[in-house]
1. Taking B:L169, is it surrounded by fewer than 20 Cβ atoms within 10 Å (Cβ to Cβ), at pLDDT 90 or above and either among the aliphatic types (A, V, I, L, M) or outside the structural domain of B:Y83 (by TED's automatic domain parsing) (or both)?
2. When you go through B:T208, B:T185 one by one, which is the residue that is assigned by TED's automatic domain parsing to the domain that holds B:V106 and either out of contact with any Ser or Thr (no Cβ under 8 Å at 6 or more places or on another chain) or not in a helix (DSSP H, G or I) (or both)?
3. Of everything in region A:40-64 that's open to solvent by 40 Å² or more (accessible area, probe 1.4 Å) and within 14 Å of chain B (Cβ to nearest Cβ), which residue is nearest to B:H151 (Cα to Cα)?
4. Looking for whichever is under 28 Å from the mean Cα position of the chain (by Cα) and within 14 Å of another protein chain (Cβ to nearest Cβ) here; the options are B:L163, B:L197, B:L173. Which one fits?
5. Filter region A:98-120 down to residues that are in a helix (DSSP H, G or I) and open to solvent by 20 Å² or more (accessible area, probe 1.4 Å), then give me how many there are.
6. Out of all the residues in region B:94-105, is one or more surrounded by fewer than 19 Cβ atoms within 10 Å (Cβ to Cβ), in a helix (DSSP H, G or I), under 23 Å from the mean Cα position of the chain (by Cα) and among the polar types (S, T, N, Q)?
7. Report yes if some residue within region B:68-88 is more than 30 Å from B:G141 (Cα to Cα), part of a helix (DSSP H, G or I), at pLDDT 90 or above and open to solvent by 40 Å² or more (accessible area, probe 1.4 Å); otherwise report no.
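The values are calculated or read from the model by the stated rules, or taken from the named source; none is laboratory data. Because the structure is predicted, anything quoted here is derived from the model rather than measured. Backbone-built Cβ (ideal geometry, glycine too); neighbour counts: all protein chains shown. Please note that ligands, DNA and RNA were not included when accessible areas were found on the heavy atoms of the full protein model with its side chains. Shrake-Rupley method; radii C 1.70, N 1.55, O 1.52, S 1.80 Å.
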Amino acid sequence: MSVLSIQDISKKFADVDVIKHLNLQVNEGEFVSILGPSGSGKSTLFSLIGGILAPDEGTIILQGKKINSQTGAVSYMPQSPSLLPWRTVLQNVLLGQELKGTKDTSKALEMIEKAGLAEYAHSYPHELSGGMKQRVSFIRALLSPQPIILLDEPFSALDELTRLDMQKWLLSIWENNRRTVLFVTHNLEEALFLSDRIVILSNKPATIAAEFVIPFTRPRKEELLLEDDFLQWKRKIYYELKSFMEQSS
Amino acid sequence: MKKNRFKGWRSVIVLLLFFFIWELAVKIADIPEWLLPAPSTIMTEAITGFPSFSEHLLSTIKLGITGFALGVGFGLFVAVLLYLLPFVREAIYPFLILSQNIPVIVLAPLLVIWFGFGILPKMIVITLVCFFPVTIAALDGFKQTSPDLRHYMKMAGATKSQLFWKLELPHALPSIFSGLKISATYSIMGAVISEWLGAKSGIGVYMTLASSSFRTDRVFVAIFAIMALSLIFFAAIVLIERLLIRWQSKGVD
């Protein structure tokens, strides 16, 4: 069953097509990555789904309801951790629930503990490292009550080692929770490692250029990154991406 | 912390040196007391005259605190109003700045003519002096809300009032406190000026009486009392700030 269904949406900024006739379905419990070059309209797509922008054409449907320009229908994890500096980790994690009404402190504490941040529950964001802040931000998104989580290049500001760490961590947490996730990235390896399905976005105007269902079994381990299968997939998608970048330029 | 204390000592030494030179100059040049009293004379007057002075001191403190509270309340109210209603801001902002160009000394007698000798004209004077720094600081603070955080809050479905109470107001707190510190020091000055409008007691009254009877030592007692009160007010605000803002704002991310 599809949780999120984006039907034929288009968006223009000052007569420039940024998104044109884009269609996308995300199914219950699925991890879908959107892969595209920088400036390909990924952030615009998220702003449309998040309801900050209104599409010029088309509809966005979440669980059977139209959510065009309706904010707060999806849970969101931005590129920067965006934690409120005057709130402790626990208070920050509860923010998503707070905005929607009900707070569940014990569940929040449980999640913080599972994330390995138990001793930081009452610390302020400035006392945390970059990776820890992103973990807190992800837990906040997980705890928010909405049926789908949007992740907007959440690891792009982290260094390579922390990044891999975070990917493994995200995978382990997610495989235990199986929330529906829409993930934006420009990192092919990251998309392959994490997702069930990869959607490739074309550059300006953005449409769906290609789609791949990734067959790797879960739970996935770090070793997967170096298996032949994985590398073959990487090569395949890479060539696809390349050919298509050449076409469009 | 250690460094701060050291710096504090340095300014204390400078102050002592200043008083020492003052004392010496008065003694050597044999300046008459009504022209410039020595610090020791002022000190003696402060101690012996304290029982009668304390009444004035207390009444100024009360006036200052009430006026400060009123001024800050008004200042914050104006700031929030102007921030939430941009078209009002465009219309009113120039007048806010102009309001600070009115010479209070000239305005004060007018206020007496309009409102009599009661508490109202005094409150108007103090509010006029106190509200501006708070309004400007709060407006700046609201405006500087991190766009990343605002974007997140909007995506997460925050309503306008949630955006204000949960993000913009706490985000502006450090700025608001800078405004409060300035207002706190102004409020005592404002209180003293407002007492010139005709009050039964207060440092302002004491000061006018002293200067008209050539009790220069008492004038200096009043000046030092005003300084001390302003400092204490300032310190109180700093203390509240420390208690309230435990998180250090080292950039937001």
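1. yes
2. Matching residue, one of B:T208, B:T185: B:T208.
3. The residue in question is A:I52.
4. Testing whether each residue is under 28 Å from the mean Cα position of the chain (by Cα) and within 14 Å of another protein chain (Cβ to nearest Cβ) leaves just B:L173.
5. 12
6. yes
7. No, region B:68-88 has no match at all.
Results for (1) part of a helix (DSSP H, G or I); (2) aliphatic (A, V, I, L, M); (3) open to solvent by 80 Å² or more (accessible area, probe 1.4 Å), shown as yes or no for each residue.
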site	(1), (2), (3)
A:E189	yes, no, no
A:I200	no, yes, no
A:F212	no, no, no
A:R218	no, no, no
A:L225	yes, yes, no
A:Q232	yes, no, yes
A:R235	yes, no, yes
A:Y238	yes, no, yes
A:K242	yes, no, yes
